[in-house]
1. Going down the list 94/123; 103/124; 73/119, which pairs span over 20 Å between their C-alpha atoms?
2. Going by amide H atoms built from the backbone, whose H comes under 5 Å of the H on residue 76, apart from near neighbours?
3. Report the extension gain between residue 73 and residue 92 in nm, rounded to one decimal, defined as 0.36 nm multiplied by the number of residues separating them, less their alpha carbon distance.
Amino acid sequence: MSKRQNTAEEAGAIDLTPMLDVVFIMLIFFIVTATFIKEPGADVEKPDATTAELKAASILVAINESDEIWIAKDKVDERQVRIVLERLYSENPKGWLVIQPDKEASIEKIALIAEAARKIGIKKVSVATEKS
């Protein structure tokens, strides 16, 4: 009798293997298609602006108060900005570039990064500000 009862329990059990397969496939899909934002690595105090808009970015460049350029958590020499941006842009050609200058950062550094982005072919460039 116990053998017959054990067989009946196995026949009525729910097999979760196909559901787990679907969950793992969905997890892999979301990991592969996710866009990862590369943080600049420097904390900046953004300047105020009256016409600020919210935009998503995939490449962030920070310029701190002492005019140091930070990309992907690394301090970058101004002669290397174009090379680093080119590498990041090749990883995500549909991405935006957002320059995050500190209030005390010089306009020359912002122009240098914008010019490097233009030469590479990045058409979507924004400057991050705080809405006042």
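No value in this document is a laboratory result; all are computed from the given coordinates. Since the model is a prediction, treat every value here as computed from it, not as a measurement.
1. 103/124; 73/119
2. 69, 70, 71
3. Details: separation 19, 0.36 × 19 = 6.84 nm, distance 1.76 nm.
That pair, residue 73 and residue 92, stretches by 5.1 nm at full extension.
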